[in-house]
C-alpha cells in the first residue's frame, strides 16, 4: 500500500525549523519527522517553505496544508484546527537584550513599561507581555529571528522575544550583535502537532503514536544536538 503524502508547513523557529530559502526548510523537527515519525505512521512528508504563524494557521484551516509539526493551542485555534494529543516540546520564553540594557531580571509586566519588543506576525506571546505599556513590534517575514536581532543591533527595538532559549543560541555564531537572555517568569509553552479541522482521526492517532514512540527514544534531542553550536 502506498504511503499517504502530507503537505507540511511550518513557521521558522530555529533550530527546530530553519528557513533555508528557495521554499525549503531544515532543522531538528524536519529530521525527526522525516526519519523517526513518518515511516512509523505510514506517511511521507512534502515540506514547504517557512511561513508566518498567521499564514500557517490559515493554510491549515483551508486545507492547503495537511500537517504542521508544532503549534501552540489557543481557544481560537482549537475552534479552527485539529490538534494531536502528543506533546512535542515545551518552550521557555525569554528576551534577548543588548549587554548594556538596564533590564537584568523580570518579575512583573511593569518592568517592561516603555519597551519595544520584537516578535512575529501571528505568533502567540505570553500573557505577561499583553500589557498596555509594552509595544510589540511584529515582523512580517518568515526569517523573523535574524530580522529582530538586526533591529536589536540598530536600536529599533529594546528586546527581541524568543519562545525558547535554543533559538537565540542557534543564531549566536552568525548574528552581528552581542546579546544576553532574560527569562520571562511564565509557565512553559506547550506545542502539539496540528492538522486541518476535517482530518481523519485515524491519521491523527497514527501520528500521535509514532511521535510518542520516537520521543520516548530520545530521537528529538539527538537531532537538536546536531544543530546547536558547541558550548
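Distance from the alpha carbon centroid of region 3-44 to that of region 124-155 works out to 25 angstrom.
Here residue 153 and residue 106 are evaluated by their C-beta separation; at R0 = 25 Å the FRET efficiency comes out at 0.70.
If I take every Cα pair under 8 Å that is 6 or more residues apart in the chain, average their sequence separation and divide by the length, what percent do I get for the relative contact order?
On the way: 451 pairs, mean separation 71.6, N = 231.
The normalised contact order for the chain reaches 31 percent.
In the chain, the longest principal axis of the Cα atoms and the axis of helix 201-216 are about 60 degrees apart. Here the calculated FRET efficiency for residue 228 and residue 62, from their Cβ-Cβ distance with R0 = 30 Å, stands at 0.30, rounded to the nearest 0.05.
Using alpha-carbon pairs under 8 Å, 6+ residues apart, how would you state the relative contact order of region 93-183 in percent?
Working: 147 pairs, mean separation 42.4, N = 91.
Result for region 93-183 is 47 percent.
Of all beta bridges that DSSP places with both ends in region 93-183, some 50 percent have antiparallel geometry.
DSSP assigns beta bridges within the chain; of those with both partners inside it, close to 60 percent run antiparallel. Of 111, 158, the sequence from fewest to most neighbouring Cβ atoms within 10 angstrom is 111, 158. What angle do you read, to the nearest 10 degrees and between 0 and 90, between the alpha-carbon axis of helix 144-154 and the longest principal axis of the chain? Tilt relative to the chain: about 10 degrees.
For a paramagnetic label modelled on residue 46 (point 7 Å from Cα along Cα→Cβ), amide N atoms under 11 Å away belong, within region 1-25, to 5-8.
Sort 162-170, 197-205 by the packing proxy (mean of other Cβ within 10 Å over each peptide's residues), most packed first.
Details: 162-170: 20.4, 197-205: 13.3.
So the peptides 162-170, 197-205, ranked by packing, come out 162-170, 197-205.
Footprinting exposure proxy ranking of 145, 110, fewest other C-beta atoms within 10 angstrom first, gives 110, 145. Counting other Cβ atoms within 10 Å as a rough exposure proxy, the listed residues 136, 207 run 136, 207 from fewest neighbours to most.
One compactness figure for the chain is 1.02, namely its Cα radius of gyration divided by 2.2 N^0.38 Å. Report for region 1-120 the percent antiparallel among DSSP-assigned beta bridges with both residues inside it, nearest 5. Antiparallel: roughly 40 percent of the beta bridges in region 1-120. Separation of region 49-67 and region 178-210 by C-alpha centroid, Å? Their Cα centres are 14 Å away from one another. Between residue 216 and residue 181, full extension at 0.36 nm per residue minus the direct alpha carbon distance yields a gain of 9.6 nm. Rank 18, 184, 134 by mean-square fluctuation in a GNM of the chain with C-alpha springs under 10 angstrom and give only the top-ranked residue. The residue with the greatest mean-square fluctuation here is 134.
Label separation (residue 205 vs residue 92): 3.7 nm, computed from points 7 Å beyond Cα along the C-beta direction. From the largest down, region 93-183 spans 32, 29, 23 angstrom on the principal axes of its Cα atoms.
Rule-based calculations on the coordinates, nothing more; no lab input. Since this is a predicted model, take the numbers as computed values, not measurements. Here Cβ is always computed from backbone atoms with ideal geometry, including for glycine, and neighbour counts include all displayed protein chains.
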